[in-house]
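Please treat every number below as a calculation from the coordinates, not as lab data. Only a predicted model underlies this, so the values are computations on that prediction, with no experimental measurement involved. Counting neighbours? That spans all protein chains shown, and the Cβs are built from the backbone with ideal geometry, glycine included.
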Amino acid sequence: MTSPTALPGPARAFRAIAIAEACSWMGLLVGMFFKYVVVFDDLGVKIFGPIHGALFVAYLVITLVAARRLGWSVGTTLVALAASIPPLFTLWFERWAMRTGKLHGAGAGTPRGATA
């Protein structure tokens with residue numbers, strides 16, 4: 001398996017933003033829990049809401065850039081975009097894309113043990 005530092009630039013950016021977007025989702029969910037269940041204060045939502053919003057948009061943009069530069073199919077691109085909606089699914093997609101060679105770029109071949 002290729003190390004993350006050996007990936008093409010768009011793939012490294014995609015991984016970083018996918019992970020950051022998932023972390024911001026978690027922060028927002030914790031903020032919402034505190035707002036509606038624990039202390040009824042929206043400070044966490046005020047902090048993580050805009051952060052998550054910016055990272056969500058960044059994820060959509062980097063997904064489209066990565067799809068074009070790495071040669072993803074329309075189906076793969078749509079799954080990557082859909083992964084931005086449920087909490088933490090960007091992590092699932094990033095792991096799947098890494099495992100299946102989608103982050104290695106067009107023409108990289110299939111990973112060891114996979115069928116073409």
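Per DSSP H run of n ≥ 4, the term is -39500 (n - 2.57); total these for the chain, divide by its residue number, and report the mean residue ellipticity at 222 nm rounded to 500 deg cm²/dmol. Numbers along the way, then the final one.
Values: 4 runs with 73 residues, N = 116.
Computed ellipticity for the chain at 222 nm equals -21500 deg cm²/dmol.
Between Ser73 and Met32, what is the FRET efficiency for a Förster distance of 30 Å, r being their Cβ-Cβ separation, to the nearest 0.05? It would help to have the intermediate numbers written out before the result.
Working: r = 35 Å, r/R0 = 1.17.
Using R0 = 30 Å, I get an efficiency of 0.30.
Please report Lys102, Lys35 as a ranked list, fewest other C-beta atoms within 10 angstrom at the top and most at the bottom. Working shown, then result.
Details: Lys102 25, Lys35 16.
Fewest-to-most ranking of Lys102, Lys35: Lys35, Lys102.
On a 0 to 90 degree scale, rounded to 10, what angle separates helix 9-33 from the longest Cα axis of the chain?
So the helix axis and the longest Cα principal axis differ by about 20 degrees.
Based on the mean of other Cβ atoms within 10 Å per residue, sort peptides 12-18, 87-93, 69-75 so the most packed one is first.
Numbers: 12-18: 20.4, 87-93: 17.7, 69-75: 14.3.
Going from most to least packed, we get 12-18, 87-93, 69-75.
Would you mind ranking Val37, Val79 so that the residue whose beta carbon has the fewest other beta carbons within 10 Å leads the list?
On the way: Val37 8, Val79 18.
Exposure proxy ranking, most exposed first: Val37, Val79.
Rounded, prolate or oblate: which fits the chain when a ≥ b ≥ c are the square roots of the eigenvalues of the alpha-carbon gyration tensor, with rounded for a/c under 1.5 and prolate only if a/b beats b/c?
On the way: a/c = 2.76, a/b = 2.50, b/c = 1.10.
Because a/c hits 1.5 or more and a/b exceeds b/c, the chain counts as prolate.
Over the chain, what is the mean sequence separation of C-alpha contacts under 8 Å (at least six apart), divided by residue count, expressed as relative contact order in percent?
On the way: 124 pairs, mean separation 36.2, N = 116.
Computed over the chain, the figure is 31 percent.
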